[in-house]
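J.: First, the structure itself, so that you have it in front of you.
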Amino acid sequence: MRRALRKEGYIVDGSLATAVYLTLALERPLFLEGEPGVGKTELAKVIAAAVGRPLIRLQCYEGIDRQSALYEWNFPRQMLHIRLAEAAGRSGGGEAGGEPAGESWRDRLEEELFSPKFLLRRPLLAAVDPQGPAPVLLIDEVDRSDEEFEAFLLELLAEFQVTIPEIGTLKAEEKPVVVLTSNRTREVHDALKRRCLYHWIDYPDFAKEFEIVCVKVPEISRRLAVRVSRFVQRLRREPLFKKPGIAETIHWAQALVALGARELDAAVVEETLGCLVKYRDDLEVLTAEREGRPYLRELLQEIEAMPL
Amino acid sequence: MRSEWTTQRPEPAGDGARIVSNCLAFFRGLRRMGLRIGTPEILLALEAMAHLPLEDESALRDGWRAVLAHNRSEAELFDLAWRQFGFLLIGIREPLVATQTLLASVARLRASWRHTPQVVWLGAGDREPGEERNEVPLVVRGGQSAAEMLRHQDAVRLTPEEIRQLESAVLSPLWRRSRRRKPARKGKEWDGSATLRRAVQRGECWELARRRRVARKRRTVWICDVSGSMDPYSRMVLRFVYALARRGIPVEVFVCSTRLTRVTPALANRDADRALSDMVSAAPDWSGGTRLARALQTLRLEWGRRIVRGAGLILVTDGLEAEDPGSLGEEIQKLRKLAAWTVWLNPALSDPEYRPVAKGSAVLHEAVDAHWPGYSWGCLESAWRQLEQKENVGRVGGRR
């Protein structure tokens with residue numbers, strides 16, 4: 001499992017690899033939690049690539065409901081269809097005439113109106129009733145949705161079937177692989193977590209982060225990669241509102257390579273700090289002077305002083 | 001457990017049965033540590049075991065953790081239990097239970113040491129319902145009933161028993177508008193899809209379906225200063241918050257004096273006195289000094305994005321910041337960007353001559369949305385009423 005994921009450029013430790021393996025073996029959803037930018041969404045993409053299935057992504061937000069998650073009737077098109085049918089009926093009505101013909105015409109129109117042709121298939125329906133192989137379903141940032149949507153997910157994740165009153169019940173022939181992610185802006189209800197395998201993704205340690213930087217930014221020199229990882233590791237110990245995740249590290253490393261930087265000096269770091277730190281308050285913490293000396297310079301010196 | 005197992009499955013108990021009964025013992029241990037493990041989880045864990053290499057201890061541990069632990073703290077507990085269980089199987093026994101109970105009793109002793117002696121109030125308060133029901137409430141000087149007088153009494157002059165009597169207040173939640181919509185007869189928006197669906201049933205005559213925004217309870221975050229100068233007030237405030245929580249109103253409570261402690265879990269306790277003593281013992285620095293700026297910074301960094309965002313922030317403090325009045329203002333400004341509104345309840349306002357001139361109070365007074373008195377139970381109630389009016393989202397239906 002580790003090797004398969006690594007081939008796709010994603011480095012996992014043992015416990016996450018086990019969790020992913022069990023997700024596939026037990027056909028249970030995987031619930032990933034962790035700070036933003038530690039690679040939760042990325043993992044789902046990589047799983048999809050590794051098992052060779054399409055990825056369907058559902059981004060959650062407050063107020064997400066059945067219409068935008070599961071299915072919706074394309075009612076503007078339905079209206080248009082009615083008008084067209086009316087127009088056609090009026091022009092052809094003279095010859096057909098009589099009540100009974102009108103009845104059957106209306107029945108037929110109804111049937112047409114609620115046929116799959118007018119169904120807008122949103123991500124969850126697409127996952128239950130796929131056109132190809134069972135996909136990997138990524139339900140991103142569940143914590144942003146509200147309790148009602150969670151309860152709705154419970155039912156869907158347990159049965160993998162959807163009932164559309166006008167059409168009937170659709171059931172997944174093969175269970176899709178489901179990955180849920182949460183940034184923990186609020187606690188997701190236990191009932192949902194209980195149906196899933198749970199894994200907390202933490203910030204990586206130095207060795208792992210170094211490896212990730214080397215894999216993701218192959219143009220970077222080893223020397224710079226070591227310093228970049230060390231600097232970010234050090235930065236996470238600072239009292240920041242939003243600590244930089246791996247996504248930020250990679251972004252930063254790419255920026256440094258693009259600028260052609262060989263060394264980490266204060267000027268380069270200050271120019272590119274926007275890649276790592278996204279809040280003004282945090283920027284101020286770092287660029288301010290402490291005890292009369294620029295703090296950033298001190299951090300860099302500390303990193304240089306570390307033995308290789 | 002052994003006997004249960006054999007009754008379930010009468011086949012001869014071999015090695016397999018022993019493994020399973022060991023597993024079950026482990027699960028029971030986890031359950032006692034507070035992990036919610038039911039039969040479905042146990043079955044799933046055993047199923048997972050079949051997929052995992054048994055000779056690799058860490059793989060089994062990781063797999064079971066994914067199945068059995070449902071959040072980060074549970075995962076930590078699980079690791080602890082796993083190690084301990086490993087020792088148990090090998091035969092190394094650490095007196096874990098003994099240390100646990102010892103620690104627990106020490107904690108309880110400390111809590112009781114902080115309990116102030118209670119004076120039972122013998123005034124003409126709420127009588128037992130059986131006796132003297134026809135009596136008119138005793139009127140004392142000033143034309144107020146005893147309960148009414150207690151309500152407006154400064155908390156310094158109240159005994160804990162009297163505060164307990166005040167708890168029967170009528171409090172309703174604060175509301176906010178959600179982004180969710182639901183069908184409603186008098187909604188402002190047109191629900192096109194529902195209209196058409198209805199038209200199919202009715203035929204010729206169409207009826208417009210409408211929908212409206214849903215109102216939801218707004219969470220309030222209380223930051224209660226429990227420094228020495230605030231001691232009589234903070235107990236009353238915590239009782240008030242407890243009363244809110246008992247009525248199903250979402251609240252989060254933090255107490256701070258030299259550092260910030262989250263005491264919300266104690267609110268789940270059904271016994272008010274127990275909840276209060278839990279809150280007191282959870283804070284290691286009760287009646288210490290005040291470092292409000294530092295506490296607010298901790299709140300923002302640790303809980304800002306999770307709890308404060310979109311909630312109402314209520315500060316209860318006398319504003320006597322000991323350490324750094326300058327950064328206090330900045331911190332409040334940063335928190336205000338996260339919270340829906342920020343209100344300061346100040347016990348020191350009991351004195352009509354009081355003006356926020358001390359540096360900390362002046363900064364705080366400038367920074368918050370509202371600055372109201374908070375010295376008596378009545379003050380807290382009227383503050384809550386004002387907040388209710390401020391958040392008027394319409395009274396017709398749609399409330400969750």
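None of the figures in this text is laboratory data; all of them are computed from the coordinates on show. Computed from a predicted model, the values in this text were never measured in an experiment. So basically every Cβ, Gly included, is an ideal-geometry build from the backbone, and we count neighbours across all protein chains shown.
J.: Among the listed pairs A:Lys243/B:Lys217; A:Lys117/B:Lys182; A:Lys216/A:Lys243; A:Lys7/A:Lys193, which are separated by more than 23 Å between their Cα atoms? Write out the running numbers ahead of the final one.
T.: On the way: A:Lys243/B:Lys217 31 Å; A:Lys117/B:Lys182 26 Å; A:Lys216/A:Lys243 20 Å; A:Lys7/A:Lys193 30 Å.
Too far apart for the 23 Å limit: A:Lys243/B:Lys217; A:Lys117/B:Lys182; A:Lys7/A:Lys193.
J.: Any of A:Lys175/B:Lys186; A:Lys40/A:Lys175; A:Lys45/B:Lys337 with alpha carbons more than 32 Å apart? Name them for me.
T.: Details: A:Lys175/B:Lys186 42 Å; A:Lys40/A:Lys175 21 Å; A:Lys45/B:Lys337 34 Å.
In this structure, A:Lys175/B:Lys186; A:Lys45/B:Lys337 exceed 32 Å between Cα atoms.
J.: Springs between alpha-carbon pairs under 10 angstrom, Gaussian network model over chain A: which of A:Gly260, A:Gly37, A:Gly292 fluctuates most?
T.: Result for chain A, Cα springs under 10 Å: A:Gly292 fluctuates most.
J.: Which listed residue (A:Leu124, A:Gln161, A:Thr18) has the Cα farthest towards the positive end of the charge dipole for chain A, taking +1 on Lys and Arg C-beta and -1 on Asp and Glu C-beta about the Cα centre?
T.: A:Thr18
J.: Between segment B:219-239 and segment A:144-196, what is the C-alpha centre distance in whole Å?
T.: So the separation of the two Cα centres works out to 41 Å.
J.: Sort A:Glu72, A:Glu8 so the one with the fewest other Cβ atoms within 10 Å of its own Cβ comes first.
T.: On the way: A:Glu72 17, A:Glu8 14.
Fewest-to-most Cβ neighbours within 10 Å comes out as A:Glu8, A:Glu72.
J.: If you average the alpha carbon positions of segment B:24-85 and of segment B:332-373, how far apart do those two centres end up, in angstrom?
T.: 49
J.: Please say if segment B:220-390 is rounded, prolate or oblate, where rounded means a/c under 1.5 for a ≥ b ≥ c the square roots of the C-alpha gyration tensor eigenvalues, and otherwise the choice is prolate for a/b larger than b/c and oblate otherwise?
T.: On the way: a/c = 1.26, a/b = 1.23, b/c = 1.02.
Verdict is rounded for segment B:220-390.
J.: Quick check: pseudo-label points 7 Å beyond the Cα along Cα→Cβ at B:Met33 and A:Leu84, how many nm apart are they?
T.: Reported label-point gap for B:Met33 and A:Leu84 is 6.4 nm.
J.: Give the calculated FRET efficiency between A:Arg106 and B:Arg177 to the nearest 0.05, with a Förster radius of 51 Å applied to their Cβ-Cβ distance. It would help to have the intermediate numbers written out before the result.
T.: On the way: r = 41 Å, r/R0 = 0.81.
Computed FRET efficiency for A:Arg106 and B:Arg177: 0.80.
J.: Right, here's the next one. Please work out the FRET efficiency for the pair A:Glu174 and A:Glu219, using the Cβ-Cβ distance as r and a Förster radius of 35 Å; give the result to the nearest 0.05. Intermediate results must be reported in sequence, preceding the final value.
T.: Details: r = 41 Å, r/R0 = 1.17.
So, using R0 = 35 Å, E works out to roughly 0.30.
J.: As a footprinting exposure proxy, order B:Tyr233, A:Tyr279, B:Tyr375 by other Cβ within 10 Å, with the fewest listed first. Intermediate values should be presented prior to the final figure.
T.: Numbers: B:Tyr233 29, A:Tyr279 12, B:Tyr375 23.
In order of increasing Cβ crowding within 10 Å: A:Tyr279, B:Tyr375, B:Tyr233.
J.: Excluding B:Trp372 itself, what net charge comes from residues whose Cβ is under 14 Å from its Cβ, given Lys and Arg +1 and Asp and Glu -1?
T.: On the way: positive: B:Arg385, B:Lys390; negative: B:Asp318, B:Asp369, B:Glu381, B:Glu388.
After counting each charged neighbour, the total is -2.
J.: Using the count of nearby Cβ atoms within 10 Å as a rough guide to exposure, how do A:Val142, A:Val188, A:Val215 rank from fewest to most? Walk me through the intermediate numbers first.
T.: Values: A:Val142 25, A:Val188 22, A:Val215 13.
In order of increasing Cβ crowding within 10 Å: A:Val215, A:Val188, A:Val142.
J.: Calculate one ³J(HN,Hα) per residue across segment B:353-362 by plugging θ = phi - 60° into the Karplus curve 6.51 cos²θ - 1.76 cosθ + 1.60, and present them in order as whole Hz with x for glycine and proline.
T.: Here the 3J(HN,Hα) series is 7, 5, 10, x, 10, 4, 4, x, 5, 4 Hz.
J.: Let me ask something else about it. Need one number: nm distance between label points at B:Ser327 and B:Asp285, each 7 Å from Cα along Cα→Cβ, rounded to one decimal.
T.: 1.3
J.: In addition: Alpha carbon centre of segment A:283-308 versus segment A:1-63: separation in Å?
T.: Spelled out, the Cα-based centre of one part sits 36 Å from the other.
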